[in-house]
Amino acid sequence: MHPMLNMGIRAVRAAGDYIVRCMERMHGIEVITKSRNDFVSDVDRRAEAIIIDVLHKAYPGHAILAEESGAQGDSEYRWIIDPLDGTTNYLHGFPQFAVSLALEHKGVLDQGIVYDPLRQELFTASRGDGAHLDGRRIRVTRRDTLDGALIGTGFPFRTLDKMDNYIGIFRELTQVTAGIRRPGAAALDLAYVAAGRLDGFWEYGLELWDIAAGALLIREAGGYISDMDSGEPWRNSSNVVAGNPVLHDRLLEIIRKQC
Ligand code: IPD
Ligand code: CA
Ligand code: CA
């Protein structure tokens, strides 16, 4: 295993253990509203500090982009951190959230980890070395029609300007697939596409830390993730669509009809 992946796993496990321990004192968690329907708690912040501490000790020169504390350092290596993806779920005791950590080298995704601390499921990917769940190889599904497909999504909730487009896509996909799921933690949704638990996924308005690790997982699992607007391979855009290459294209066709 790549030594930086190993160190990243150590960091996400430490954060995940902390997040789960804090569920015992849920009523005492301090919550701040960042913007409409967008929350951060002291658990998010502390989990992020735990990850940064592990990474800094191992790699003091590496740069960091973290959801809650922003950017620091300048290096060809950059860690991208979402310490708690699915904060709204977490604050309600809804058991679907994750820690997401990616490493870029010279601007290219190199390592990706999504950790579900409740199920203790560890999704990992190293560039050129495949994607794994708890050490076992994972792949996207082979399904080639939307008929029978299970598709993940995230509802628009911060800005509502895409709501009409979104509802049009939702209406059509509801009619032609087996179902749509909105679990509430985008990093985990993408990991589920990589693991073949979802056939595809689309969401508007995500951030780099929601997507980076999941994007590498999907690619290394044989899938395709693109910028919804251009259809080009995803780099850092916020509107994404993903799936195996065939279903990705089918999803994109339906999304484009609404734009
Ligand atoms: C959120 C989750 C959610 C998605 C939001 C994200 P957070 O991340 O991934 O599923 O719909 O767009 O912001 O704020 O819980 O880290
Ligand atoms: Ca997130
Ligand atoms: Ca978060």
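Readers should treat all values here as calculations from the given coordinates under stated rules, not as data from a laboratory. Owing to the predicted nature of the structure, the values given are computational and were not obtained by experimental measurement. Ideal geometry is used to build each Cβ from the backbone, glycine not excepted, and the neighbour counts take in all protein chains shown.
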*Neighbour-limited loop hits for GluC sites (Glu not before Pro), the range 1-59 (at most 14 other Cβ within 10 Å; DSSP other than H, G, I, E, B)*: Glu30
*asked:* How big is the dipole moment of the chain about its Cα centre under a simple scheme where the beta carbon of each Lys and Arg is +1, that of each Asp and Glu is -1, and everything else is neutral? Debye, nearest 20, please.
replied: 500
_Only four residue types carry charge here, +1 at the Cβ of Lys and Arg and -1 at the Cβ of Asp and Glu. Report the dipole size of the range 60-183 about the Cα centre in Debye, rounded to the nearest 20._
460
*Taking neighbour Cβ counts within 10 Å as the exposure measure, how do His132, His105, His27 sort from fewest upward?*
His27, His105, His132
*Rounded to the nearest 500, what is the 222 nm mean residue ellipticity of the chain from helices alone, with -39500 (n - 2.57) per DSSP H run of 4+ residues and division by all residues?*
-11000 deg cm²/dmol
*Cα extents of the range 8-162 along the three principal axes, largest first, in whole Å?*
47, 37, 34
*Given Phe94, Ser226, Gly107, which one lies farthest toward the positive end of the charge dipole of the chain, if we put +1 on the Cβ of every Lys and Arg and -1 on the Cβ of every Asp and Glu?*
Phe94
*Mind giving me the nanometre distance, one decimal, between the label points for Thr174 and Ile29, set 7 Å out from Cα along Cα→Cβ?*
3.0
*Anyone know which of Gly154, Gly107, Gly196 comes out most mobile in the 10 Å Cα GNM of the chain?*
Gly107
*Euclidean distance between Cα centres, the range 233-256 to the range 106-124, Å*: 21
*Beyond 29 Å, what share of the Cα-Cα pairs of the chain remains, rounded to the nearest whole percent?*
26
*Got a sec? Charge dipole of the range 128-212, +1 on Cβ for Lys and Arg, -1 for Asp and Glu; which of Phe157, Leu173, Gly135 is way out at the positive end?*
Gly135
*Quote the relative contact order of the range 212-257 in percent (integer), defining contacts as alpha-carbon pairs under 8 Å separated by 6+ residues.*
31
*For the range 45-126, calculate the relative contact order in percent as a whole number, restricting contacts to Cα pairs under 8 Å that are 6 or more residues apart.*
20
*the range 178-259 - Rg and Dmax from Cα coordinates, angstrom*: 11.2, 30
*Counting only C-alpha contacts under 8 Å and six or more residues apart, can you give the relative contact order of the chain as a whole percent?*
16
*Whose amide H sits under 5 Å from the amide H of Arg181, counting only residues 5 or more places off or on another chain, with H placed in the peptide plane?*
Ile151, Gly152, Thr153
*J(HN,Hα) series, the range 216-225, from Karplus relation 6.51 cos²θ - 1.76 cosθ + 1.60, nearest Hz, glycine and proline x*: 5, 4, 5, 4, 6, 8, x, x, 9, 10
*Using a/c under 1.5 as the rounded threshold, could you call the range 174-221 rounded, prolate or oblate? The axes a ≥ b ≥ c are square roots of the C-alpha gyration tensor eigenvalues, and prolate needs a/b larger than b/c, oblate otherwise.*
oblate
*If you find the alpha carbon centre of the range 1-30 and of the range 165-229, how far apart are they in angstrom?*
24
*Given 0.36 nm per residue, what is the gain on full extension from His2 to His105 after removing their alpha carbon distance, in nm?*
35.8 nm
_Phi-based couplings in Hz for the range 86-97 (Karplus 6.51, -1.76, 1.60; Gly and Pro marked x)_ = x, 4, 4, 4, 4, 5, 9, x, 7, x, 8, 7
